[in-house]
Every structure is written in structure tokens, then in C-alpha cells.
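To start, the structure under review is shown below, and the notes come after it.
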Amino acid sequence: MVELNINGRSHKLDVEPETPLLWVLRDVVGLTGTKYGCGVAQCGSCSVHINGEVMRSCVLPASFAAGKRVVTIEGLSRDGSHPVQKAWAQHDVPQCGYCQSGQIMAAAALLRKKPKPTDADIEEAMTNICRCGTYQRIRAAIHTAAGSRKDGGSVIHIVDAAVPSSAVAAADHRDNAGA
Ligand code: FES
Ligand code: FES
């Protein structure tokens, strides 16, 4: 049994503590916006926030997240209104879409630490792989998201909705593409 706080809700889950967090999120909790790519912490498609830090959930045991705040793409905003999500839509960033929830989570974490990142900051922080090569649009969208901030607060919004349908429209699209 592992108890996790995911997107603001507590879940008591009948899983082995060493089960990778990614599989708990996807297969047990049903949050399929977080993707499996490499399984060895290289691609970033499984990125989530744990206590505000972006981490790769494929290599983290579920027990690591116990007592911490886990935020997935579904919890970034209720309705796709997070500045990064809006910038992604504005720049039409995704191509196949598979990597994009991880990219968005990484970008949101970057902006939380560096509200006005330079190109060099983005290059250093955004190590997620995109096989479609959307890197230029990702960079442009991050700059747009940075410009959309109206105050000095965090751009991270943690909501208590479990699986807000409109917030995961993009993720669902990716699932339909074969996730
Ligand atoms: S699936 Fe986790 S980093 Fe690739
Ligand atoms: S959009 Fe296809 S892998 Fe990134």
C-alpha cells in the first residue's frame, strides 16, 4: 500500500512500493497523459512534478513520492489555462504529440525557477527528447509563456480535480495516437 498526493488528491493505492511511479499514474490511477518512452530516464516523456521539481517518473519507485506532492499534466491546470499550455497552443508546438506532456511539465518547472529564461537557460533545462524535432517551437513557446506572466508569482497551479477532461484534451489526443 502506498499513499500518494496526486494533483491535490490523496490516493491510497494497493501497489508494491517499488512499482515505478509512471505505471502507478497510468495504470492504477488512470492518468495517461504522462507517457512511457525509454524507461531509463533519458527521454523525459514521463516527466511529472514532485514537490515542484520536474522528475522522470519511469525510474522513481512509487514509495519515493509518498508524502510529497505529485503533479501530472492533468493537474497543471483545470482547463488548459496554464501559461505554458496556452503558449503551446499559440505556437502549435506538438507534431505527433507523444513527448509534449513531458515537455510542458519541464517547461513549467523551468519557468517556476527562472521566470525569464534565456535561450541558453532553455537549452540547458529542456533535455527532453522530441523525435519530431519541435525544439524551435518549444523554445518560442517558453518565451511566450514567460512573457504572459502578469506578476512575480509561480506559474505552477496545483488543482484538486482528479482528471479534468478539458485539461487533458491534448494528452487524450496523444493516447489516441497510440500511447
Ligand atoms: S520514459 Fe522516463 S525518461 Fe523516458
Ligand atoms: S512531437 Fe512527436 S516526439 Fe515530440
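Bear in mind these aren't lab numbers, they're just calculated from the coordinates by the rules spelled out. This one's a predicted model, so the numbers in the text were calculated from it and none came from an experiment. Ideal geometry is used to build each Cβ from the backbone, glycine not excepted, and the neighbour counts take in all protein chains shown.
Sort the following peptides by mean Cβ neighbour count (other Cβ atoms within 10 Å, averaged over residues), highest first: 68-76, 28-36.
Values: 68-76: 24.8, 28-36: 20.8.
Ranking, from highest mean packing down: 68-76, 28-36.
Relative contact order of the range 24-88, please, whole-number percent, based on alpha carbon pairs below 8 angstrom and at least 6 residues apart. Let's see the in-between values first.
On the way: 69 pairs, mean separation 16.8, N = 65.
Once divided by the residue count of the range 24-88, the mean separation gives 26 percent.
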